[in-house]
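First up is the structure itself, then whatever we jot down about it.
The values are calculated or read from the model by the stated rules, or taken from the named source; none is laboratory data. Predicted model only: the values in this text are computed from it and were never measured. So basically every Cβ, Gly included, is an ideal-geometry build from the backbone, and we count neighbours across all protein chains shown. Note: areas computed on protein heavy atoms with side chains; ligands, DNA, RNA excluded. Shrake-Rupley method; radii C 1.70, N 1.55, O 1.52, S 1.80 Å.
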Amino acid sequence: MNEVKDKVVIVTGAGKGIGEGIATYFAACGAKVVIATISNQEGEELQKKLTDKGYQAYAVQTDVCSEESVINMVAKTEQFFGSIDILVNNAGITLFKSILEATLEDWDRVINTDLRGVFLCTKYVAQSMIKHASHGSIINISSNHAFRTLPDTEMYAAAKGGVNAMTRSMALSLGKYGIRVNCVCPGFTDTYHYQNWLADKDNPSQVEADVVKLHATGKISTPLDIAHMVAFLAGEASSNITGGEFMVDGGLTAGLYHADKF
Ligand SMILES: NC(=O)c1ccc[n+]([C@@H]2O[C@H](COP(=O)([O-])OP(=O)(O)OC[C@H]3O[C@@H](n4cnc5c(N)ncnc54)[C@H](O)[C@@H]3O)[C@@H](O)[C@H]2O)c1
């Protein structure tokens, strides 16, 4: 996918999981990757891993909840690589907790990271893209929880539903500057989170088999599956696509109910 070769891309929350997968894929495609993540250690480790392979990568410690930190992320990227072509708003936290027990602090933590973070990063990156006439592409990593959800996920579902709604408005607001905005909605994705979640179950291998059965493709996603969709939305092949919501979930969310149970 050399459409993104030499493009400057910021990936938030790129320290691990899906963000690491996206950053690594873009770097391998020849993009100049900014690893914008809250953990300095994770950022520097990934920077080393990528630059050791001869890829171009630069870690900027960033907290997407903090306006000051996001302004610094944009300034450092401009200093290091020049203008910004692509922003991937990936940083997010997943906190599932009963609404009867969740605190306002829990609510603020999820909403500030998963929703306010997308607002802040897009605001300052879009300003930079307009300043440099970059005609950029912004991709928000949402979730299938924006469409269908489960008990005890109110905070996460609200944040991700908000990301999808905001994506549509951002696409309309920024279109006149040649900036496209889309969101990608992963379902189960094989990250350490998923592995920890499985490991906590009484019978992990049975749960894993049950999860896989929910997928029309017979498999959950990998970070690389998400990266492929993000790269498509970042490149010229998607030049007339904006305001879209793209599920990458092996058909999981297409189902009305679990057909095998009826
Ligand atoms: N893993 C899944 O199955 C799955 C499914 C659907 C959607 N998603 C979404 O994909 C995105 C990535 O998920 P993941 O599972 O890879 O997460 P993860 O926890 O593995 O990684 C998240 C990364 O974001 C960083 N981060 C956390 N708070 C931050 C902040 N305030 N500022 C900057 N960086 C911060 C973390 O340090 C980490 O590097 C999230 O938006 C998540 O909601 C994940």
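Mean residue ellipticity at 222 nm from the helices of the chain, using -39,500 (n - 2.57) per DSSP H segment of n ≥ 4 over the full residue count, to the nearest 500 deg cm²/dmol?
-13500 deg cm²/dmol
On a 0 to 90 degree scale, rounded to 10, what angle separates helix 154-174 from the longest Cα axis of the chain?
Roughly 40 degrees between the two axes.
To test your reading of the geometry: what angle, between 0 and 90 degrees and rounded to tens, separates the Cα axis of helix 204-213 from the longest principal axis of the chain?
80
Residue farthest toward the positive end of the dipole of the chain, with Cβ of Lys/Arg at +1 and Asp/Glu at -1: which of ILE18, THR37, LEU172?
Checking the options against the dipole of the chain, the answer is LEU172.
Taking the alpha-carbon centroid of each part, what is the distance from the stretch 30-45 to the stretch 108-176 in angstrom?
20
Using Cα springs under 10 Å in a Gaussian network model of the chain, which residue among GLU44, GLU68, GLU20 shows the largest mean-square fluctuation?
Sorting by GNM fluctuation, first place goes to GLU68.
Rolling a 1.4 Å sphere over the protein heavy atoms, what is the accessible area per residue of the chain, to the nearest Å²?
48
Show which lysines lie in cross-link reach of LYS32 when reach means a straight Cα distance below 23 angstrom and same-chain residues fewer than eight apart are skipped.
LYS32 reaches LYS5, LYS7, LYS16, LYS48, LYS49, LYS53, LYS76, LYS123, LYS131.
Given +1 on the Cβ of Lys and Arg, -1 on the Cβ of Asp and Glu, and no further charges, what dipole in debye does the stretch 1-142 carry about its Cα centre, rounded to the nearest 20?
Computed charge dipole of the stretch 1-142: roughly 440 debye.
Size of the dipole of the stretch 106-262 about the Cα centre, Lys and Arg at +1 and Asp and Glu at -1 on the beta carbon, nothing else charged, in debye to 20? Intermediate results must be reported in sequence, preceding the final value.
Details: 13 positive and 15 negative charges, 155 e Å.
Rounded to the nearest 20 debye, it is 740 debye.
Could you work out how far apart the two model spin labels at ASP210 and ASN40 are, taking each label as a point 7 Å from the Cα in the direction of the beta carbon, and quote it in nm?
The modelled label-to-label distance comes out at 4.4 nm.
Can you tell me the FRET efficiency between THR51 and GLU3 if r is taken as the Cβ-Cβ distance and R0 is 22 Å, rounded to the nearest 0.05? Intermediate values should be presented prior to the final figure.
Numbers: r = 22 Å, r/R0 = 1.01.
With a Förster radius of 22 Å, E is 0.50.
How high is the relative contact order of the stretch 29-156, in percent, counting Cα pairs under 8 Å that sit 6 or more residues apart?
Working: 167 pairs, mean separation 33.9, N = 128.
It comes to 26 percent, rounded to a whole number.
Shape verdict for the stretch 88-238, please, from the Cα gyration tensor: rounded (a/c under 1.5), prolate (a/b greater than b/c) or oblate.
The shape class here is oblate.
Any idea what angle helix 223-234 forms with the longest principal axis of the chain, computed on alpha-carbon atoms, 0 to 90 degrees, nearest 10?
Around 40 degrees separate the two axes.
In the stretch 113-156, whose amide N lies under 13 Å from the spot 7 Å out along Cα-to-Cβ of GLU78? List them in ranges.
Correct set: 124-134.
With only Lys, Arg, Asp and Glu charged, each at its Cβ (+1 for the first two, -1 for the last two), find how big the charge dipole of the chain is about the Cα centre; round to the nearest 20 debye. Don't skip to the end; give the middle numbers.
Details: 22 positive and 29 negative charges, 163 e Å.
Magnitude of the dipole: close to 780 debye.
Of all accessible surface on the chain at a 1.4 Å probe, what whole percent is carbon and sulfur?
Answer for the chain is 53 percent, counting heavy atoms of protein chains only.
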